[in-house]
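Undergrad: Mind having a look at this structure? Questions to follow.
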Amino acid sequence: MKAAARRLCRQEKMAKKKQVRSKSGKREEKLRLQDALGSDVLAKLKQAKQELATAEEKKKKAEAEKKREERRQRDKNKSFAELLDESPMDWHKYK
């Protein structure tokens, strides 16, 4: 009886191990999105990503240039009083 009970216990343990192995095996079998997509679709997505990145870079450069031009125009249109106020020279030193 004891031997039969031991065998039964061993069989139960082995069955549990197999279940654990099968569960972990399912995790390994999960497909990645890259695997599921075709290579042509993946290439199109990468190209679209590249195009978006270059468009974003161009947009940032255009905004920076616009800000520079606005600053230049603002400085150009300042009155003499504004320029004098912004000047680092202090006339009290030279009096």
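What follows draws every value from the coordinates through simple rules; no lab data is involved. Every value quoted in this text rests on a predicted model; they were computed, and no experiment measured them. Quick reminder, even Gly has a Cβ in these numbers, built from the backbone with ideal geometry, and neighbours come from all protein chains shown.
Undergrad: Where Rh is the Kirkwood radius over the Cα pairs of the stretch 44-95, the temperature 37 °C and the viscosity 0.692 mPa s, what D in µm²/s does Stokes-Einstein return?
TA: Reported coefficient: 223 µm²/s.
Undergrad: Provide the net charge surrounding GLU63, with neighbours chosen by a C-beta distance below 13 Å and charges set as Lys +1, Arg +1, Asp -1, Glu -1.
TA: Summing Lys/Arg as +1 and Asp/Glu as -1 gives +3.
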